[in-house]
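J.: Below is the structure I would like to discuss, written out as structure tokens.
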Amino acid sequence: MPGSLEPLDLGVQIPYHFRCPISLELMRDPVTVSTGQTYDRPSIESWVATGNTTCPVTRAPLTDFTLIPNHTLRRLIQDWCVANRSFGVERIPTPKQPADPGLVRSLLTQASADTSPLQSRLSALRRLRGFARDSDKNRSVIASHNARQILTDIFFSGARTGNDSESSGSELNHESLALLVIFPLAETECASVASDPDRVAYLSRLLFHSSIEVRVNAAALIEIVVAGTRSPELRAQVSNVDEIFEGVIEIMKNPIASYPRALKAGVKALFALCLVKQTRHKAVQAGAPETLIDRLADFEKCDAERALATVELLCRIPAGCSAFASHALTVPLLVKIILKISDRATEYAAGALVSLCSASEQSQRDAVAAGVLTQLLLLVQSDCTDRAKRKAQLLLKLLRDSWPEYSFGNSDDFACSEVVIPSY
């Protein structure tokens, strides 16, 4: 309920002074501006962010853009919510206050000072990490104080000293890494990491650290760096590092129950690395096909799309195609996925099946046995992407000799469909 006008239909009127003058909705985080007027924080922040410099109610100039939490009004609103629970009104939670820019600046200075005690630097990084987790606003405030450069310098000081052990100094590197991966890096920052062999080798070593959190954060930074680097040469340089694929794939094997982030970070890193064509064979050698198929059912929607896109990429090389074909569940799973998860997932699954069935008659038979005919005929009549339909038409063409004769008796859809071979 909070934030909507639905209670008006349930027999309870929201008090006028509990409504934000901008949104006219129940305030969840009331703050007071320099004119003395109170607004809901998101509403007044949006008002100011669009270039307005006056108070929405009084039209007086805002001499100070500081927003002061109105705790008294917020507690009154919470009490009112509790008193009206019988009308379906839910109590608004106590909002976390945004990080103070001055405090953020002080914590970053403390964390980056080599002369400060180790525990003091760790404490500063942990407080900053807590702020960053709380809200986008906090992350924006932290990033505006050159945080990415500061954190990068702290983290990669371990590359210069070889400090990837369990020492107290390494704890500082790992804490800075945990905070660094929360922020997107600029292209120049990604290129700076990718072009330094010592930094990339350091990240690769951390993929085998005893702490799963360190391993996952290392994989997350690898994905950020590779995805954010435009230079094909630099991307190839990262993906060619010894054991980087092995480390990422081992992370993907981690049980979801023990560390849910592992599978997501692993597949994002693997996909980014597999975009480099000349090193895809290393992914196959490291066991990517088997791991992707074994974990396919565990992915959430967007991660399933990445996993299937990676399957399609690896199926474009002979070694990958052979590895996927040798897994008994590959073809049945890909057939089952068509039209199930999303348009993109369908497109990637169909593309992988095209490669597999082009290379192997056994894959063709497996696809037919899994019921691919019905799936493909539904696909060409659906609202899926044109690329997905082209792949489906090509697959129908490839499998035509494998269908039982009766399969096409009443199928005008296949008879009249124009087969367009997609470019690979």
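The values are calculated or read from the model by the stated rules, or taken from the named source; none is laboratory data. Every value quoted in this text rests on a predicted model; they were computed, and no experiment measured them. Every residue, glycine among them, receives a Cβ derived from its backbone with ideal geometry; neighbour counts consider all protein chains shown. Areas reflect the complete protein model, heavy atoms only, side chains present, ligands, DNA and RNA absent. Shrake-Rupley method; radii C 1.70, N 1.55, O 1.52, S 1.80 Å.
J.: Out of region 236-252, which residues are in contact with a Leu (Cβ under 9 Å, 6 or more places away or on another chain) and not acidic (Asp, Glu)?
T.: Within region 236-252, VAL238, SER239, VAL241, ILE244, PHE245, GLY247, VAL248, ILE249, ILE251, MET252 qualify.
J.: Tell me whether region 312-326 contains one or more residues that are under 24 Å from the mean Cα position of the chain (by Cα) and open to solvent by 10 Å² or more (accessible area, probe 1.4 Å).
T.: yes
J.: Of everything in region 190-204, what is among the charged types (D, E, K, R) and buried (at least 19 other Cβ atoms within 10 Å of the Cβ)? Give them in sequence order.
T.: ARG199, the sole residue that qualifies.
J.: Given the options GLU243, GLU290, name the one that is surrounded by fewer than 21 Cβ atoms within 10 Å (Cβ to Cβ) and closer than 20 Å to TYR202 by Cβ. Show your work before the answer.
T.: On the way: GLU290 fails: closer than 20 Å to TYR202 by Cβ.
One residue alone meets the criteria, GLU243.
J.: Can you pull out the residues in region 111-142 that are open to solvent by less than 30 Å² (accessible area, probe 1.4 Å) and either in contact with a Cys (Cβ under 9 Å, 6 or more places away or on another chain) or hydrophobic (A, V, I, L, M, F, W, C) (or both)?
T.: If the condition is that a residue be open to solvent by less than 30 Å² (accessible area, probe 1.4 Å) and either in contact with a Cys (Cβ under 9 Å, 6 or more places away or on another chain) or hydrophobic (A, V, I, L, M, F, W, C) (or both), then ALA111, ALA113, LEU122, ALA124, LEU125, LEU128, ALA132, VAL141, ILE142 are the ones that fit.
J.: Right, something else. Got a sec? Which of SER258, SER204, SER210 is among the small types (Gly, Ala, Ser) and more than 21 Å from the chain's Cα centre (by Cα)?
T.: Checking each option against the conditions leaves just SER210.
J.: Quick check, is ARG139 more than 29 Å from the chain's Cα centre (by Cα) and either modelled with pLDDT under 95 or at negative phi (or both)?
T.: Answer is no for this residue.
J.: Anything in region 13-43 that is open to solvent by less than 30 Å² (accessible area, probe 1.4 Å) and under 29 Å from the mean Cα position of the chain (by Cα)? List them, or say none.
T.: ASP29, ARG41, SER43
J.: Still on this structure, please answer the following. Based on what the data block shows, is LEU234 over 15 Å from the mean Cα position of the chain (by Cα) and farther than 13 Å from SER204 by Cβ? Even if it seems obvious, please write down each step before you answer.
T.: On the way: over 15 Å from the mean Cα position of the chain (by Cα): yes; farther than 13 Å from SER204 by Cβ: yes.
Taking the combined requirement at face value, the residue satisfies it.
J.: Please work out if PRO197 is within 21 Å of the chain's Cα centre (by Cα), under 18 Å from VAL225 (Cα atoms) and at pLDDT below 95.
T.: Working: within 21 Å of the chain's Cα centre (by Cα): no; under 18 Å from VAL225 (Cα atoms): yes; at pLDDT below 95: yes.
For PRO197, the condition - within 21 Å of the chain's Cα centre (by Cα), under 18 Å from VAL225 (Cα atoms) and at pLDDT below 95 - is not met.
J.: Quick check on my filter: what residues within region 53-73 are under 34 Å from the mean Cα position of the chain (by Cα) and either within 23 Å of ARG91 (Cα to Cα) or open to solvent by less than 50 Å² (accessible area, probe 1.4 Å) (or both)?
T.: The answer is LEU67, ILE68, PRO69.
Here's the yes/no breakdown for (1) surrounded by 21 or more Cβ atoms within 10 Å (Cβ to Cβ); (2) under 32 Å from the mean Cα position of the chain (by Cα); (3) modelled with pLDDT under 90:
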{"residue": "ALA349", "(1), (2), (3)": "yes, yes, no"}
{"residue": "CYS357", "(1), (2), (3)": "yes, yes, no"}
{"residue": "GLU361", "(1), (2), (3)": "no, no, yes"}
{"residue": "ASP383", "(1), (2), (3)": "no, yes, yes"}
{"residue": "LEU398", "(1), (2), (3)": "no, no, yes"}
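J.: If you go through region 75-88 one residue at a time, do you hit one that is part of a loop (DSSP other than H, G, I, E, B), closer than 21 Å to TYR16 by Cβ and without any contact (Cβ under 8 Å) to a residue 60 or more places away in the chain?
T.: Scanning region 75-88, I find no residue that is part of a loop (DSSP other than H, G, I, E, B), closer than 21 Å to TYR16 by Cβ and without any contact (Cβ under 8 Å) to a residue 60 or more places away in the chain, so the answer is no.
J.: Yes or no: ALA309 crowded, with 19+ Cβ neighbours inside 10 Å and either hydroxyl-bearing (Ser, Thr, Tyr) or within 17 Å of the chain's Cα centre (by Cα) (or both)?
T.: yes
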